[in-house]
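The structure appears right after this line, and notes come after that.
Please treat every number below as a calculation from the coordinates, not as lab data. Keep in mind that what you see is a predicted model, and the values were worked out from it rather than measured. Here the Cβ positions follow ideal geometry from the backbone for every residue, glycine too, while neighbour counts run over all protein chains shown.
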């Protein structure tokens with residue numbers, strides 16, 4: 001079977017281990033480009049370029065992207081939420 005070339009919002013969310021609402025925030029912030037073919041779709045190459053571009057970045061708030069820090073206090077807060 002041919003590899004998927006286009007992904008829906010739901011499929012992108014699954015691939016990124018997040019939820020569709022967050023994927024919409026990435027789109028609204030202009031970080032991830034979509035096209036509308038009935039429903040919103042993102043090209044596989046676009047998703048791969050997004051992942052490459054933002055590797056090592058903190059995308060918790062897509063409207064305030066910053067370099068990922070190795071702040072021990074922040075790491076400890078995250079562990080409490082796991």
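Ranked for footprinting exposure by Cβ neighbours inside 10 Å, fewest first, 22, 7 give 22, 7. Between residue 4 and residue 36, the contour length at 0.36 nm per residue exceeds the Cα-Cα span by 9.9 nm.
Sorting the segments 56-69, 26-39 by their mean number of nearby beta carbons within 10 angstrom, highest to lowest, gives 26-39, 56-69.
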